[in-house]
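To keep things clear, I will list the structure first and then write my remarks on it.
The values are calculated or read from the model by the stated rules, or taken from the named source; none is laboratory data. Quick caveat, the model's predicted, so the values are computed rather than measured. FYI the Cβ positions are ideal-geometry reconstructions off the backbone, even for glycines, and counts take in every protein chain you see. In case anyone asks, the SASA skips ligands and DNA or RNA and just uses the protein heavy atoms, side chains included. Shrake-Rupley method; radii C 1.70, N 1.55, O 1.52, S 1.80 Å.
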Amino acid sequence: MIPFNKPFLSGKELEYIRDAVNSGKISGDGIFAQKCHRFFEEKYGFKKCLLTTSCTDALEMAALLINIQPGDEVIMPSYTFVSTANAFVLRGAAIVFADSSEDSPNLDVNAIEALITPKTKAIVPVHYAGMACQMDKIMDLANKYSLWVIEDAAQAIDSFYKDKPLGSIGHLAAFSFHETKNIISGEGGMLVVNDPALIERAEIIREKGTNRSAFFRGDVNKYGWVDIGSSFLPSEIIAAFLYAQLEQLEDIQKRRNYLWQRYWTGLEKIACASGVRLPKTIEGTTNNAHMFYLVCKDLQQRTTLLKLLKEAGVLAVFHYLSLHSSEFFKHKYKGGELYWSDFYTDRLVRLPLYYELTNTDQDYIIDNIINILSH
Ligand SMILES: *Cc1c(COP(=O)(O)O)cnc(C)c1O
């Protein structure tokens, strides 16, 4: 069986974990966390990076930081992972789901303005498959209506919008290092704080509502309870694992991009002939090879494709189910039909894509897809 995903190990993970353990400090924000923070701040120019135990946690921190109150409205796509919405629901927000666009599962930026009301507090664009949302238009709207922008950049490491790294554009951004992402630490995430006015409080919220981070830097001479917060920081064991991955980022990205291109070239013709759409990179945006997906022409074609691939030993999978029609949300949903969100819910297929996928296995996958789609 060719799995959908296989976590890649750079080889140094256990060595660095041993170093962390031997250092005598294994709680959060030790040497490895600092190395990870510095890596991101230097490579991508993020203002302030704070490792968290997941992207979900980083999104929950974001909701706390922008002071979401019961009844505040937050605009986001319905075609996304539950955490994008749940983090704000936890604070009592009313989620306003926007449709995806025709080109890609990303938020349709032209649908946003009509959803803005005096209660709107934030927009949460999700860079699906690591491909950028149209951030210029989103930031323009945010400026016009004084809204916060939180990028759900869970899938978007090392990807760009008009030469700006994703995660550097919104006031805040959340990344994931879950084992299904490009760079991993098992579970793990990071909050990026680009608005300097939010940095100090982000440190406090992450450290149980205390000013402990400032204390360890020597900025204050004692620390105590100064605000609300929780425990969002990961241990050094996770940071050590992550740093081993970050050192290999270029190599990982190179291999993933190579495999992504190979899928595209191998499937272009059959896609055209069978009414299947391949992902396209919109001008001014890059592809970080987080995911290779197909958009089938209808649900029946997808069901057949998934079933026959499975019989051939290939594990391809569908993706999100529109959140506005989820069991939790459908009775709360007050908006209209979200045509494109439901469209991708029924038609999208993700193909195996991981560092160790061999060219031979990939050829086998491509041949099977060609075979299935030509019948
Ligand atoms: C993976 C993912 C998350 C959640 O990440 P965790 O680190 O598992 O909490 C959130 N949003 C999107 C778009 C994701 O792909």
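So the values come out like this:
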{"quantity": "Sequence of LEU249, LEU9 from largest to smallest accessible area, 1.4 Å probe", "calculated": "LEU9, LEU249"}
{"quantity": "Segment 300-364: proportion of alpha-carbon pairs further apart than 15 angstrom, %", "calculated": "62 percent"}
{"quantity": "Per principal axis, descending, Cα span of segment 202-317 in whole Å", "calculated": "69, 33, 31"}
{"quantity": "FRET efficiency estimate (nearest 0.05) - Cβ-Cβ, ASP195 to TYR223, R0 22 angstrom", "calculated": "0.40"}
{"quantity": "Ranking by accessible area, most exposed first, for ILE123, ILE228 with a 1.4 Å probe", "calculated": "ILE228, ILE123"}
{"quantity": "For segment 102-144: rounded, prolate or oblate by the Cα gyration tensor [a/c cutoff 1.5]", "calculated": "prolate"}
{"quantity": "Amide H within-cut-off set for VAL314, under 5 Å, with H built and near neighbours excluded", "calculated": "ILE2"}
{"quantity": "Largest to smallest accessible area among ARG217, ARG262, ARG206 [probe 1.4 Å]", "calculated": "ARG217, ARG262, ARG206"}
{"quantity": "0 to 90° range, to nearest 10: angle between helix 55-65 axis and the chain longest Cα axis", "calculated": "50 degrees"}
{"quantity": "Vicinal HN-Hα couplings computed from phi for segment 98-110 (Karplus, 6.51 cos²θ - 1.76 cosθ + 1.60; Hz; Gly/Pro x)", "calculated": "10, 7, 6, 9, 5, 5, 7, x, 4, 2, 7, 5, 6"}
{"quantity": "Rg/Rg_globular for segment 64-113, with Rg_globular taken as 2.2 N^0.38 Å and Rg from C-alpha atoms", "calculated": "1.19"}
{"quantity": "Carbon + sulfur, % of accessible area of segment 273-375 - ligands and nucleic acids excluded, 1.4 Å", "calculated": "54 percent"}
{"quantity": "Mean separation of Cα contacts under 8 Å (6+ apart) over length of the chain, as relative contact order %", "calculated": "22 percent"}
{"quantity": "Potential lengthening between ASP361 and GLN69 on full extension [0.36 nm per residue; Cα-Cα distance subtracted]", "calculated": "100.1 nm"}
{"quantity": "Over the chain: Kirkwood hydrodynamic radius from C-alpha pairwise inverse distances, Å", "calculated": "21.5 Å"}
{"quantity": "Estimated 222 nm signal from helices in the chain, with DSSP H stretches of n ≥ 4 weighted -39500 (n - 2.57), rounded to 500", "calculated": "-11500 deg cm²/dmol"}
{"quantity": "Inter-site label distance for ASP103 and LYS297 at 7 Å from Cα along Cβ, in nm", "calculated": "2.5 nm"}
{"quantity": "Residue-span extension gain [LYS137 to ALA114] - 0.36 nm each, minus C-alpha spacing", "calculated": "6.9 nm"}
{"quantity": "Separation between Cα centres of segment 45-79 and segment 324-343, rounded to whole Å", "calculated": "22 Å"}
{"quantity": "GNM flexibility winner over the chain from ALA111, ALA129, ALA273 (Cα, springs under 10 Å)", "calculated": "ALA273"}
{"quantity": "C-alpha long axis of helix 31-44 to longest principal axis of the chain, angle in °", "calculated": "60 degrees"}
{"quantity": "For the chain: accessible area per residue (Å², 1.4 Å)", "calculated": "44 Å²"}
{"quantity": "Student exercise, the chain dipole from Lys, Arg, Asp, Glu Cβ charges, in Debye to nearest 20", "calculated": "240 debye"}
{"quantity": "Gyration tensor (alpha-carbon) shape descriptor, segment 101-238, a/c threshold 1.5", "calculated": "oblate"}
{"quantity": "Counting DSSP beta bridges with both ends in segment 13-247, the antiparallel % (nearest 5)", "calculated": "50 percent"}
{"quantity": "Principal axes of segment 249-373: Cα extent on each, largest first, Å", "calculated": "48, 33, 25"}
